[in-house]
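See below for the structure under consideration.
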Amino acid sequence: MWKISLALIIIVGSATFYFTGLAYQKSGETAQQRTFFDATGNLHVLGIILGKSTLRDAELAFRSRADAAVFLYPKTDQPNKNAQYTGKLEAYFPSIADHTKVLLTMAVSDHDLETIRQRSSPPRIYPNGVIRMNLSNEDILGIQKIAIKELTLIPSSQLDEQTITAQFGQPASKQKINPQETMYLFPEIGLTAIIHSEEKDKLIFRNTK
């Protein structure tokens, strides 16, 4: 099984993150310091097993409480047409140690998401068109048992291509999404790295096998 050390952001001691200049550090690594696919095809990253670990597991691993809510992301914004949205159940850790942010996308069916949405608070619409709906007390407890589908790291420091390749090697592919945004794919560790010249960069980990 192919394994690699996630040296860019590591959990140490008190489950905090820090940036390191060492690429693919091997010595002294623990299970929480490695990113790899296990025999069942589930990705292990920062001590979380995508598809198995729950929100409660993440809160224990990060020693922090998450802010969870239903989010509706606009798919289209065309005149004289109803906006279409993609719904997600997300949990957010706003700051850990060096101010790295962690965003978890929960594995929930469309039916269950709609049920949760109906019990949620009235929508709050952000300037970018994203809609947030706070969870009911019932769902605040229930979400603790839901598995994590995707883990996104939002570093406090701006990334660049040199940093990405130094830490993870050459990507399997590189794509210019638009003049401000470039996407790098590392399927061996389920990583999509997105560098944005005007917004926060993202390291997105998901099961790909």
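Pop a pseudo-label 7 angstrom from the Cα along the beta-carbon direction at both Ala166 and Arg119 and give the gap in nm to one decimal.
4.8
Fully extended, how many nm does the chain gain between Arg63 and Ser173 (0.36 nm per residue separation, minus their Cα-Cα distance)?
36.1 nm
What distance in nm separates the two pseudo spin-label positions at Asp38 and Asp110, each 7 Å out from Cα along the beta-carbon direction?
Output for this residue pair reads 3.0 nm.
Any chance you could run the full-extension gain for Glu181 through Tyr85? It's 0.36 nm times the residue separation minus the Cα-Cα distance, nm to one decimal. Kindly include the intermediate steps, with their values, before the conclusion.
On the way: separation 96, 0.36 × 96 = 34.56 nm, distance 2.19 nm.
Full extension from Glu181 to Tyr85 adds 32.4 nm.
Quick check: net charge around Pro94, other residues with Cβ under 9 Å of its Cβ, Lys/Arg +1 and Asp/Glu -1?
Neighbour charge sum, excluding Pro94 itself: 0.
In whole Å, what are the extents of the range 116-201 along the principal axes defined by its C-alpha atoms, from largest to smallest?
45, 31, 21
Modelling each spin label as a point 7 Å along the Cα-to-Cβ direction, I'd like the Gln144/Ser156 distance in nm, to one decimal.
The answer from the label model is 2.9 nm.
Each reported figure results from applying straightforward, stated rules to the coordinates on display, with no laboratory input. The structure presented is a predicted model; accordingly, all values stated were derived computationally and were not measured. Methodologically, a virtual Cβ is constructed for each residue, glycine included, from the backbone with ideal geometry; neighbour enumeration extends over all protein chains shown.
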